[in-house]
Amino acid sequence: MTQPDPTAPPVVMNATWSSGDRASIHADFTAPSGTTVFFGPSGSGKSLTLALIAGLLRPQSGTIHLHDSPVADPANKIHVRTQDRHLGMVFQDAALLPHRTALGNLTLALRHVPHRERHDQATAWLERVGAAHLAEQKPRTLSGGERQRIALARALAGQPRLLLLDEPFSALDRPTRHQLRDLLATLTREERTPTLLVTHDPDDVTALADHVLLFAPGHTRHLISAAEFEPTQPPTADVALSDGRCAQ
């Protein structure tokens, strides 16, 4: 990828992917800076869209641009590898390396840092997420919330141009979800990292979103501001806006 244009939107996407009869998505949107939350019913294609942006899936048609650089364009045989898209990613299961300590998982994200500085920077990141006391523990000994703290630190320590989160809080209890929402909001504000968050929980939208991309089964519907989102509306195919309109 070329150097990013700081004035360009983090994501511009108009692309289609299908596995045949099982699943498909057509996503057409521009994500502004800040945090854009993907919200809609289960199976509507939110995670598929995130996987296409990450390069874990290849669109069959259309294009995806990150910071004005093309990363997927099958018509022109463009497909930038996931590791070259400068992304940070956090999934529901944290996906930490089980044989490495919390500190060891962090140092792997700091390959852009001189070797002699990695330990100190990894320690500093653990402190920022409230997990310094877990530095020498391995993932199997940690709670779900502790693993997600470390996964979030690892994702941001690599200085990504875009942070992708797929249901990162859904397996956690309510108090832990609340704590991690506050932590995520603080870190993304401090790091100024554009963020895409997949969720079906209206509380995530209320707490974190600058913008909301609404999904219906198989396609994106409408990008709205967080102020327009109606938090009492369940994530059905027709999502109400705060003024009573239905997103089309």
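The values are calculated or read from the model by the stated rules, or taken from the named source; none is laboratory data. The model shown is predicted, which means the values in this text are computed figures rather than measured ones. All Cβ positions, even for glycine, are placed from backbone atoms using ideal geometry, and neighbour counts span all protein chains on display.
Among the candidates 111, 85, 118, 58, single out the residue that is within 25 Å of residue 10 (Cα to Cα), surrounded by 16 or more Cβ atoms within 10 Å (Cβ to Cβ) and either of a type in the set (D, E, K, R) or touching a strand residue (DSSP E or B) at 6+ places or on another chain (Cβ under 9 Å) (or both).
Details: 111 fails: surrounded by 16 or more Cβ atoms within 10 Å (Cβ to Cβ); 118 fails: within 25 Å of residue 10 (Cα to Cα); 58 fails: surrounded by 16 or more Cβ atoms within 10 Å (Cβ to Cβ).
One residue alone meets the criteria, 85.
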- Task: May I ask you to verify whether residue 63 is hydroxyl-bearing (Ser, Thr, Tyr), out of contact with any Cys (no Cβ under 7 Å at 6 or more places or on another chain) and in the same structural domain as residue 32 (by TED's automatic domain parsing)?
- Result: yes
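So if I check each of 193, 123, which one is part of a loop (DSSP other than H, G, I, E, B) and not hydrophobic (A, V, I, L, M, F, W, C)?
Only one candidate qualifies: 193.
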- Item | Verdict on residue 72 being out of contact with any Asp or Glu (no Cβ under 9 Å at 6 or more places or on another chain) and surrounded by 17 or more Cβ atoms within 10 Å (Cβ to Cβ) | yes
- Task: Give the residues of segment 126-139 that are within 18 Å of residue 176 (Cβ to Cβ), assigned to a helix (DSSP H, G or I) and not aliphatic (A, V, I, L, M), sorted by residue number.
- Result: 128, 133, 139
- Specify which of the listed residues (84, 120) is touching a residue at least 40 places away in the same chain (Cβ under 8 Å) and either farther than 20 Å from residue 167 by Cα or basic (Lys, Arg) (or both). 84
- Query: So residue 180 clears everything in (1) assigned by TED's automatic domain parsing to the domain that holds residue 56; (2) part of a loop (DSSP other than H, G, I, E, B); (3) more than 25 Å from residue 67 (Cβ to Cβ) except one condition, right? Which one?
  - Reply: (2)
- Filter segment 7-20 for residues that are assigned to a strand (DSSP E or B) and of a type in the set (A, V, I, L, M); which is nearest to residue 88 (Cα to Cα)? 11
- Meets criteria (without any contact (Cβ under 8 Å) to a residue 60 or more places away in the chain and part of a helix (DSSP H, G or I)) for residue 96: no
- Query: In segment 117-137, what residues are charged (D, E, K, R), modelled with pLDDT under 95 and under 16 Å from residue 100 (Cβ atoms)?
  - Reply: 118
- Within segment 12-47, residues closer than 19 Å to residue 205 by Cα and crowded, with 23+ Cβ neighbours inside 10 Å come out as 31, 35, 36, 37, 38, 39, 40, 44, 45, 46
